[in-house]
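Step one of this worksheet: look at the structure below.
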Amino acid sequence: MALPVGVQAGAELERIEIDLLLEGVYRHYGVDFRGYALGSLKRRLTRRMRDEGTPTLSALQDKVLHDPDAMERLMVTLSISVTSMFRDPTFYKAFREKVVPLLRTYPYIRLWNAGCATGEETVSLAIVLEEERLLDRTRIYATDFNAEVVDRARAGEFPLSRMKAYTENYLKAGGGGEFSRYYTAEGPVARFSPQLMQNIVFAKHNLASDGSFNEFHGILCRNVLIYFGTSLQLRVHTLFHESLVNFGVLGLGHKETIRFTPLEHCYEAIDSNEKLYRRVA
Ligand SMILES: C[S@@+](CC[C@H](N)C(=O)[O-])C[C@H]1O[C@@H](n2cnc3c(N)ncnc32)[C@H](O)[C@@H]1O
């Protein structure tokens, strides 16, 4: 059914205003949200308009371009850094059972955790590798385009109040032993042990604009591509493909897949439910 002319024109104008806002942000601040999925962008920009008290997207654009603090707030809203330790415990269980044996065959292991947010995912990965006696010969590069979350991740401190839920996730993920041995409680903070953190390099990297920076035996990028539109997803898949050694492992989020992308034939599934794949071409 065709939409009434007024509704169509409103949607078109909204699209123009979004495009102009994102283009302005890119040209002024160098941060590229232009390829992000439209539905999620619309919801988040509507929230920003409300919270900034701007009546239109064009007014929000004006504010963001002239006020770096408003840009900072926009960045927080659009970058969605929700995360947790051993998020989707079955993923880590499959990683331990099916990916660890493959990693064991390498004398030295390089992993990339792209879109690491505040580091909970990276620390979970380090714990699995530590328990499998692989952490000593592994370097994990953990990156995100949001400098603020990268700094928080590097600190290795997480809210103590989350540890009960994380312990449950850890056990469901096949963790063996006391989760609390990995951190010390300091007031409201759980500080994770330096031994666990020492082989992790945290750095800023933007999947929308930066290139490959190493060759990896495994890449984990979970719950990031879901926010990207099709062409940005393809850019990132191309980057991952270029950055993986042959037989290197790619791990995606539960709602993400390599299927139906032009690179599908370059991978075989290690565990299709857990979105674990291996580069074969
Ligand atoms: C929902 S969090 C996922 C965190 C973690 N991977 C997980 O699954 O729990 C998405 C993360 O992707 C990051 N991100 C979004 N766009 C990005 C980009 N263009 N380059 C790098 N990271 C990006 C955000 O800053 C955020 O930290």
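Sorted from longest to shortest, the spans of the Cα atoms of region 150-259 along the three principal axes equal 45, 27, 27 Å. Mean-square fluctuations from a GNM of the chain, with a 10 angstrom spring cutoff on Cα atoms, peak among G251, G187, G156 at G187. Under the membrane-span-like helix rule (DSSP H runs whose alpha carbons stretch at least 18 Å along the helix axis, mean Kyte-Doolittle hydropathy 0.0 or higher), the chain yields 5-29. Taking the centroid of alpha carbons for each part, region 101-126 and region 12-86 are 31 Å apart. What the Kirkwood sum gives for region 189-249 is a hydrodynamic radius of 13.6 Å, with every pair of different alpha carbons counted.
Cα-based values for the chain, radius of gyration first and Dmax second, are 20.3, 64 Å. Pairs of alpha carbons in region 53-206 separated by more than 18 Å make up 62% of all such pairs. Per-residue ellipticity at 222 nm, computed for the chain from helices alone with -39500 (n - 2.57) per DSSP H run of at least four residues, works out to -13000 deg cm²/dmol. Were the residues from R43 through F247 laid out at 0.36 nm apart, the gain over their Cα-Cα distance would be 69.6 nm. Projecting label points 7 angstrom from Cα along Cα→Cβ for T90 and T230 puts them 2.9 nm apart.
With protein chains left intact and a 1.4 Å probe, residues in the chain average 48 Å² of accessible area per residue.
Taking the chain as a Gaussian network of alpha-carbon nodes connected by springs under 10 Å, the highest mean-square fluctuation of the residues R87, R259, R110 belongs to R259.
Using only side-chain charges placed at the Cβ, +1 for Lys and Arg and -1 for Asp and Glu, the dipole size of region 55-214 relative to its Cα centre rounds to 580 debye. My understanding is that a pair violates if its Cα-Cα distance is over 30 Å; which of K204/K255; K63/K275; K98/K164; K42/K275; K63/K255 do that in this structure? K63/K275; K63/K255, as the Cα separations exceed 30 Å there. What the Kirkwood sum gives for region 1-109 is a hydrodynamic radius of 17.0 Å, with every pair of different alpha carbons counted. Taken about its Cα centre, the chain carries a charge dipole of about 540 debye when Lys and Arg each add +1 at the Cβ and Asp and Glu each add -1 at the Cβ. Here the dipole of region 187-281 is about 260 debye; that uses its Cα centre as origin and unit charges on the Cβ of Lys and Arg (positive) and Asp and Glu (negative).
Each DSSP beta bridge with both residues in the chain is either parallel or antiparallel, and the antiparallel ones are about 45%. Carbon-plus-sulfur accessible fraction, region 51-115 (probe radius 1.4 Å, protein heavy atoms only): 55%.
The values are calculated or read from the model by the stated rules, or taken from the named source; none is laboratory data. Predicted model only: the values in this text are computed from it and were never measured. A quick note on method: Cβ atoms are made from the backbone with ideal geometry, for glycine too, and the neighbour counts reach across all protein chains shown. Just so you know, the surface numbers come from the protein's heavy atoms only, side chains and all, with ligands and any DNA or RNA stripped out. Shrake-Rupley method; radii C 1.70, N 1.55, O 1.52, S 1.80 Å.
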